[in-house]
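Have a look at the structure below, then the notes.
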Amino acid sequence: EIVDFNQFLNRIIDRFEMTHKDDVEFVRNIPPTPIFTEIAMDKMGQVLDNVISNAIKYSNNDYKKVEFHVKQNRLYNRMTVQIKDNGLGIPASKVDRIFERFYRVDKGRARKMGGTGLGLAISKEIVEVHDGRIWANSVENKGTTIFINLPCETLEEDDWDV
Ligand code: ATP
Ligand code: MG
């Protein structure tokens, strides 16, 4: 269905905010104007749930911060959402592997944390079904940013009839 991605994302962040009132600061850099995207809300919700959960999970910071940044590229009818954390980060040699099935950066640590190591592999499949791309930037001991680029609709405003 066609939804306003910004509203969709804000609602997901609201949910996380309710359960992480005391241990995570959420920073929203999300435009006030809608960005219309055609997405399966349950599937894309699963992607964002996993990415945001990871941002919170892979951090031993007392002061956890997750920053959201949404930007539209009107020229190409694409949009990018960035989800940035200040957590453990990922060594440069391993960052591209996190999208592989069952891949976990630190096996011992991962075992304690629970989960299966499938979250990002599934997320990648879902994003690609939407004609999107997902990738990561990370600096060890500093944090990780996940980027998701998706198609979006052109503005169907009355720009032309002046
Ligand atoms: P699941 O999502 O199935 O519960 P998982 O979180 O271990 O398990 P993925 O979400 O696929 O699996 O992530 C794969 C691995 O990538 C993680 O085990 C972790 O090592 C690393 N990783 C993912 N996101 C981050 C992040 N924000 N910061 C640091 N490491 C991360
Ligand atoms: Mg995960």
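The values are calculated or read from the model by the stated rules, or taken from the named source; none is laboratory data. Computed from a predicted structure; not experimentally measured. Neighbour counts run over all protein chains shown; Cβ positions are idealised from the backbone, glycine included. What goes into the accessible areas is simple: the full protein's heavy atoms, side chains included, and nothing from ligands, DNA or RNA. Shrake-Rupley method; radii C 1.70, N 1.55, O 1.52, S 1.80 Å.
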(message) What do you get for the angle between helix 41-57 and the principal long axis of the chain? Use alpha-carbon atoms, 0 to 90 degrees, nearest ten.
(response) 40 degrees
(request) Extending each Cα 7 Å along its Cβ direction at T19 and N137, get the distance between those two points in nm, one decimal. (result) 2.9 nm
(request) For the chain, find the longest principal axis of its Cα atoms and tell me its angle to the long axis of helix 119-129, 0 to 90°, nearest 10. (result) 20 degrees
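Return the calculated 222 nm mean residue ellipticity for the chain, to the nearest 500 deg cm²/dmol, obtained by summing -39500 (n - 2.57) across DSSP H runs with n ≥ 4 and dividing by the residue count. Present the calculation step by step, with values, prior to reporting the outcome.
Details: 4 runs with 50 residues, N = 162.
Result for the chain: -9500 deg cm²/dmol, rounded to the nearest 500.
State whether the stretch 104-143 is rounded, prolate or oblate according to the following rule on the C-alpha gyration tensor (a ≥ b ≥ c being the square roots of its eigenvalues): a/c under 1.5 gives rounded; otherwise a/b larger than b/c gives prolate, and the remaining case gives oblate.
Numbers: a/c = 4.28, a/b = 1.49, b/c = 2.87.
Note, shape of the stretch 104-143 comes out oblate.
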(request) Over the chain, give the accessible area per residue in Å² for a 1.4 Å probe, as an integer. (result) 60 Å²
(message) Tell me which of H69, F26, I12 sits at the most positive position along the dipole axis of the stretch 1-105, charges placed on C-beta atoms (Lys, Arg +1; Asp, Glu -1).
(response) H69
(request) State the Kirkwood hydrodynamic radius of the chain in Å, one decimal place, computed from all pairs of distinct Cα atoms. (result) 16.5 Å
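Rounded to the nearest percent, how much of the accessible area of the chain (1.4 Å probe, protein heavy atoms only) is carbon and sulfur?
On the way: 4760 of 9700 Å².
Here carbon and sulfur together make up 49 percent of the probe-accessible area.
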(message) Straight-line reach only, C-alpha to C-alpha below 28 angstrom: list the lysines that K71 could link to, leaving out same-chain residues fewer than 8 apart.
(response) K21, K43, K57, K84, K94, K124, K142
(message) If you fit an axis through the alpha-carbon atoms of helix 5-19 and take the longest principal axis of the Cα set of the chain, what angle between them do you get, 0 to 90°, nearest 10?
(response) 30 degrees
(request) Alpha carbons only, please: Rg and Dmax for the stretch 1-74, in angstrom. (result) 13.0, 39
